[in-house]
Amino acid sequence: MALSASAKDYLSRFFPGPPSPLWETDPEFMELFANFALDEVVNQGDLDDAARMMAILAALLGCQGVEEYRVLLPAALRAGITPVQVKEILYQSVAYLGIGRVRPFFSVTNQVLTEQGVALPLEPGSTTTAETRLAAGNQAQVDIFGEGMRGFQNSGPEESRHINRWLADNCFGDYYTRGGWTISSGK
C-alpha cells in the first residue's frame with residue numbers, strides 16, 4: 001500500500017518536520033493510519049482544517065492523549081488555530097475534565113507555544129468579574145440551550161443546588177464568556 005495523494009499533501013502541509021518514529025518501526029500501520037486519517041476522514045464533511053484541528057485537540061484532551069496532542073499542536077497552529085484558541089480549549093476543558101487531567105496539557109501547550117515563538121502569558125481573555133460572572137454565565141446558558149435555562153442555578157434540591165450555580169458562574173460565566181472565540185461559531 002502507498003500513501004494517497006491527499007494523505008501526502010496533508011502530511012506535507014501540516015507535518016513538515018521529521019516523520020514520526022512510527023514510520024520507521026511500524027510503516028505498515030502508519031500507511032494505513034495516514035490514508036484513513038489524512039484522506040478519508042479529512043475529506044468527509046465540510047469542516048475546515050482549523051475547526052477539524054480544534055475538535056482533534058479537544059478529543060485528545062478528553063482521552064488523555066498527551067503524546068499525540070504534542071504532535072498535533074504544531075500542526076493545529078499551522079492549520080490556523082491561534083494560540084488564544086488553543087488556550088481557550090484548555091481552559092474550557094478544565095470544567096469538564098478537571099485540572100488533574102488537564103494540567104499535563106498546559107505544560108505541553110506552553111512548551112510548544114514557546115518553541116513557536118509565542119510570548120507567554122497571553123493577553124487576558126476574561127470578560128466577567130466576580131460580580132458579573134453568575135448573570136453572564138446564566139445568560140450564556142440561555143443563549144445556548146434556550147429560555148428554560150434562565151435561573152437554572154436556583155433550581156434543584158437545596159443540597160445540590162450549588163452544582164447548578166457552579167455550572168452557571170464557573171463553567172459558563174468564567175469560561176464560555178471569554179473573548180477567545182464566540183459560542184455560535186466556535187471560532
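The values are calculated or read from the model by the stated rules, or taken from the named source; none is laboratory data. Just so it is clear, the structure is predicted and the values come from calculations on it, not from any experiment. In this analysis, Cβ positions are derived from the backbone assuming ideal geometry, glycine residues included, and neighbour counts consider all displayed protein chains.
Worth a mention:
- Long-range neighbours under 8 Å by Cβ, at least six apart or interchain, first residue within 29 Å of Pro18 (Cβ to Cβ) within segment 74-96, second of a type in the set (Ser, Thr, Tyr) and surrounded by 20 or more Cβ atoms within 10 Å (Cβ to Cβ): Val86/Thr109; Lys87/Thr109; Leu90/Thr109
- Considering the conditions (1) in the same structural domain as Arg52 (by TED's automatic domain parsing); (2) over 24 Å from Leu57 (Cβ atoms), Ala135 is excluded by exactly one of them, (1).
- Residue check, Ala140 within 13 Å of Gly173 (Cα to Cα), of a type in the set (A, V, I, L, M), out of contact with any Phe, Trp or Tyr (no Cβ under 7 Å at 6 or more places or on another chain) and not assigned by TED's automatic domain parsing to the domain that holds Val66: no
- Residue that is surrounded by the fewest Cβ atoms within 10 Å (Cβ to Cβ) [pool: residues in segment 1-29 that are outside any loop (DSSP other than H, G, I, E, B) and in contact with a Leu (Cβ under 9 Å, 6 or more places away or on another chain)]: Phe29
- Options Val84, Val42, Val66: the member that is closer than 30 Å to Gly179 by Cβ, surrounded by 13 or more Cβ atoms within 10 Å (Cβ to Cβ) and touching a Pro at 6+ places or on another chain (Cβ under 9 Å): Val66
- Check on Gln92, closer than 22 Å to Cys171 by Cβ, in contact with a helix residue (DSSP H, G or I) (Cβ under 6 Å, 6 or more places away or on another chain) and not assigned by TED's automatic domain parsing to the domain that holds Asn170: yes
- Residue that is surrounded by the fewest Cβ atoms within 10 Å (Cβ to Cβ) [pool: residues in segment 69-81 that are farther than 15 Å from Pro104 by Cβ and among the hydrophobic types (A, V, I, L, M, F, W, C)]: Ala79
- Test: Ala59 is surrounded by 17 or more Cβ atoms within 10 Å (Cβ to Cβ) and hydrophobic (A, V, I, L, M, F, W, C): no
- Residue in segment 139-157 that is outside any helix (DSSP H, G or I), acidic (Asp, Glu) and loosely packed, with under 12 Cβ neighbours inside 10 Å present: no
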